[in-house]
Amino acid sequence: MSGFQHWRLERDGDGLAWLTLDRAGTSTNTLSAAVMDELRAVLARLAADPPRGLVIRSGKANGFIAGADVDEFGGLESVDDAIALVRRGWDTFGELAATPYPTLALVRGFC
């Protein structure tokens, strides 16, 4: 399954979905707006055809996910912008937590 720039979604013969984050153009995975938007799209795709379980892993050799893309913080112009940024993360991870199937993160290195 493709169509994403930063995520790769595959399914195996056991019905598990394997979701790999490999943020394009960077040596480290960070949670940019584009990465988070794609994650929501992946979750919507999985909601339409739920797997038996979801495994999330990194496509980078140096670690899992460093956190938010702090370079995007410079574009915040108001308190409302900051709240929207936090809400986007909160809502996206809330969707992930609410999935009806088990989820697992394979963390190697920093997280």
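Looking only at residues in the stretch 92-103 that are touching a residue at least 24 places away in the same chain (Cβ under 8 Å) and open to solvent by 40 Å² or more (accessible area, probe 1.4 Å), which one is nearest to Ala41 (Cα to Cα)? Even if it seems obvious, please write down each step before you answer.
Step one: list which residues in the stretch 92-103 are touching a residue at least 24 places away in the same chain (Cβ under 8 Å), which gives 92, 95-96, 99-103.
Going one step further and asking which of them are open to solvent by 40 Å² or more (accessible area, probe 1.4 Å), we end up with 95, 100, 102-103.
On the way: Glu95: 11, Pro100: 17, Pro102: 18, Thr103: 17 Å.
So, considering only residues that are touching a residue at least 24 places away in the same chain (Cβ under 8 Å) and open to solvent by 40 Å² or more (accessible area, probe 1.4 Å), the one nearest to Ala41 (Cα to Cα) is Glu95.
Can you name every residue in the stretch 22-40 that is among the hydroxyl-bearing types (Ser, Thr, Tyr) and surrounded by 14 or more Cβ atoms within 10 Å (Cβ to Cβ)?
Our first condition is that a residue be among the hydroxyl-bearing types (Ser, Thr, Tyr); within the stretch 22-40, this holds for 26-28, 30, 32.
Hits for the stretch 22-40 are Thr26, Thr28, Thr30, Ser32.
If we keep just the residues of the stretch 94-111 that are part of a helix (DSSP H, G or I) and out of contact with any Leu (no Cβ under 9 Å at 6 or more places or on another chain), which is nearest to Ala33 (Cα to Cα)?
Gly94
Have a look at Leu43, Leu54, Leu19 and point out the one that is touching a Pro at 6+ places or on another chain (Cβ under 9 Å) and either open to solvent by less than 70 Å² (accessible area, probe 1.4 Å) or touching a residue at least 60 places away in the same chain (Cβ under 8 Å) (or both).
Result of the check over Leu43, Leu54, Leu19: Leu54.
Those residues that are of a type in the set (Ser, Thr, Tyr) and loosely packed, with under 15 Cβ neighbours inside 10 Å, I need them from the stretch 57-81; list them, please.
Ser78
The values are calculated or read from the model by the stated rules, or taken from the named source; none is laboratory data. Since the structure is predicted, the reported quantities are computational estimates derived from the model, not experimental observations. Please note: Cβ atoms are built from the backbone with ideal geometry, for glycine as well, and neighbour counts cover all protein chains shown. Calculation scope for accessible area: heavy atoms of the full protein, side chains included, ligands and nucleic acids excluded. Shrake-Rupley method; radii C 1.70, N 1.55, O 1.52, S 1.80 Å.
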